[in-house]
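The values are calculated or read from the model by the stated rules, or taken from the named source; none is laboratory data. These numbers were taken from a predicted model, which means no experiment stands behind them. Note: ideal-geometry Cβ built from the backbone for every residue, glycine included; neighbour counts use all protein chains shown.
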Amino acid sequence: MSTPALRAEGVRKSFGNDGVVDDVDLSVEPGEILLLMGPNGVGKTVLLSCLAGSSRPSSGTVTVDGRTIGEDGGETLSFMLQNAMSIGRLTGRENARFYSRLHPRFTDRWREDVAAFELDDDLDKLVENYSEGMTRKLELALTLSVDVPLYLLDEPTAGIDLAMLQRFHDRILDANDEGKTFVIASHRPQDAELADRIAFMVDGTVTATGPPDELLASVPPVVRVAGPRAATAAKDHFVGGELFHAGSEARGFLDPESDVSDIKAVLADAESSGSARVTTADPTYTDLFNYHVHLDGETN
Amino acid sequence: MAVETYETSHDGGWASQVHAFTERYLREIARSRVMLAWSVGFPAVFYLLNLALFIDLSTVPDELLGQVKGAVVIGFGTFTTIIVCISVFAQLLVNDIEAGRYEQFRSLPISPTADLVGRILAGVIVALSAFLVMLGIGVLTGAEYGLRDPASLPLALGAFIAFAVPWLTLGLLLGAVLSDARYATVISTVAALVLYFVTGFNGAEPSMFAADATLLNYLPNTLPNRFLNYHLTTISNWGASGMTPPPVPTGPRWVGLLAAYGAGSFLLALGIMRRLIYKRGVLP
């Protein structure tokens, strides 16, 4: 069995009496993409900082390729910390110049990436005048320019539009094809497309881990309902009594004690106009996110 | 799959990192109007106001007036240096900490010494520039300067660097413990003003100093000012200039004390940098 590219054992991080990360165990294999998913404020960034050696865990250990993170000293990893990396009073080009002098394995790859991300015309502007998306493009390009086996990315697609999202994914997947390992923190369900494995994080701890297909197969049946009063009338038949609104419809997870016909019967009584619609659907990554993050995998 | 290779443009070693930090801090300071105004504008206005309202040079003989004005300006120059070193250094550090930038830096194989030396080089360059601007403003108001002897220029430069480091260290300490850049600026400016007046214009007017005047040759704000005054003016009648007693510090003993201040504070700054900023042990 190969040495994990990254291993965290019993990692806790607290600030005073506030525990932010609680007893996290993770192991990431070489060449794997692990997506750390969870809403804002659950401790993903703090955990990532502990994994990157930026923040010392209150307890527990982190090893990179078998060496403690302290011994590694940042030689074999590259960390993108959202909004902290780029320096506002420098231009994009000056930021690149600055970081190029800090890491012995920083390459000129960033030039290709900023062109692919359509940022090359803005490289001579001050970063403080960049939009959030432009900042993210620069940060990702600079992070991936460091030729190391392991990348830790904090919300790399935050503020990125859908068209650019695919280019970010392509760039990460290209690097992964070259054997690079990634741990990516994100709250965007679309980023699940990248993952070999997903680890859901809720309230400072990892609650579920697995390949996307296995996780998708493990969620209860997804039911879509539409109609003015449908969501309220039928909520008792859904896991956690909760439905998630998406446009004109709402989606929820069928309670193990119910079936679709129960919901249809309830809605037939509630919607005298007959406008309610009930259908089952394949789970999406958004459903997966809602199930593990907002319902905490309640039926598992 | 074929893996493309890309060139590294720098070795990422210590010297490369020092270069990166020096260049970065210089660019940031040059682009901050607030820092520039505070570093150069405030001391210049402060000097002109003092010259117009408070400094009485009526008893100074005419043949000495230009040189005595030069000595006064050098005193304001050292005041400027203290302001620049504490205020700018503290502000830059607070800004970095507020932005979470050290979270980023701690993940990189950065030498804290390289960061510190880069900051000090940038700080000294900015402080020296501000000092020279102040000397230039002095010329416009009739101040005169001169090199005492051939060794004066390197001695003055060395003394200036040794003088700047303790104040840069204080700025670093303030930046590390304060959470708001505004506090850092206000506290550092008030501290510099209080020191300036309590020690008789940084040791230029021993009669204003309430304690034993001999101390003026030992304090880290007054010793450099008096030493620089000796080497950057050609005053020979020190009694008429009001700077003595005590005698103006000129010999190797004072150079050694200045070097000790510089070296001691550098070590302290390194400890702060390693322990408080990079969260490592004090010793490598």
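Overview of results
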{"item": "Helices (runs of 4 or more DSSP H) wholly inside segment B:220-272 that include at least 2 residues being over 19 Å from B:Leu135 (Cβ atoms) and touching a residue at least 24 places away in the same chain (Cβ under 8 Å)", "result": "B:252-272"}
{"item": "All positions within segment B:133-145 that are surrounded by fewer than 21 Cβ atoms within 10 Å (Cβ to Cβ) and within 14 Å of the chain's Cα centre (by Cα)", "result": "B:Val133"}
{"item": "Residue ID - farthest from the chain's Cα centre (by Cα), chosen from residues in segment B:89-109 that are among the small types (Gly, Ala, Ser) and at the interface with chain A (Cβ under 7 Å from one of its Cβ atoms)", "result": "B:Ser107"}
{"item": "Scan of segment B:1-56 for residues that are away from chain A (no Cβ under 14 Å), under 15 Å from B:Ile125 (Cβ atoms) and of a type outside the set (S, T, N, Q), ordered by number", "result": "B:Val40"}
{"item": "Of all residues making up segment B:146-160, the number that are buried (at least 18 other Cβ atoms within 10 Å of the Cβ) and at pLDDT 90 or above", "result": "4"}
{"item": "Which numbered condition A:Thr143 fails, given (1) in contact with a Lys or Arg (Cβ under 9 Å, 6 or more places away or on another chain); (2) under 19 Å from B:Phe105 (Cβ atoms); (3) within 12 Å of chain B (Cβ to nearest Cβ)", "result": "(1)"}
{"item": "Segment A:88-111, residues that are part of a loop (DSSP other than H, G, I, E, B) and at the interface with chain B (Cβ under 7 Å from one of its Cβ atoms)", "result": "A:Arg89, A:Leu90, A:Arg101, A:Leu102, A:His103, A:Pro104, A:Arg105, A:Asp108, A:Arg109"}
{"item": "Out of B:Ala122, B:Ala184, B:Ala192, B:Ala130, sole residue that is surrounded by 22 or more Cβ atoms within 10 Å (Cβ to Cβ), in contact with a Gly (Cβ under 7 Å, 6 or more places away or on another chain) and among the small types (Gly, Ala, Ser)", "result": "B:Ala184"}
{"item": "Checklist (1) surrounded by fewer than 18 Cβ atoms within 10 Å (Cβ to Cβ); (2) within 29 Å of B:Leu223 (Cα to Cα) applied to B:Val84, failing item", "result": "(1)"}
{"item": "Answer residue from segment B:101-119, given it is without any contact (Cβ under 8 Å) to a residue 60 or more places away in the chain and part of a helix (DSSP H, G or I) and is surrounded by the fewest Cβ atoms within 10 Å (Cβ to Cβ) among those", "result": "B:Arg101"}
{"item": "Residue check for A:Leu47: in contact with a Ser or Thr (Cβ under 8 Å, 6 or more places away or on another chain) and under 22 Å from A:Leu194 (Cα atoms)", "result": "no"}
{"item": "Evaluation of B:Glu98 against (1) among the charged types (D, E, K, R); (2) farther than 24 Å from B:Leu36 by Cβ; (3) surrounded by fewer than 18 Cβ atoms within 10 Å (Cβ to Cβ) (one fails), failing number", "result": "(2)"}
{"item": "The listed residue being more than 9 Å from chain B (Cβ to nearest Cβ) and either at pLDDT 95 or above or part of a loop (DSSP other than H, G, I, E, B) (or both), out of A:Glu71, A:Glu118", "result": "A:Glu118"}
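Conditions tested, residue by residue: (1) touching a helix residue (DSSP H, G or I) at 6+ places or on another chain (Cβ under 6 Å); (2) buried (at least 16 other Cβ atoms within 10 Å of the Cβ).
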site	(1), (2)
A:Ser2	no, no
A:Val20	yes, yes
A:Pro30	no, no
A:Leu36	yes, yes
A:Pro39	yes, no
A:Gly43	no, yes
A:Leu48	no, yes
A:Leu51	no, yes
A:Ala84	yes, yes
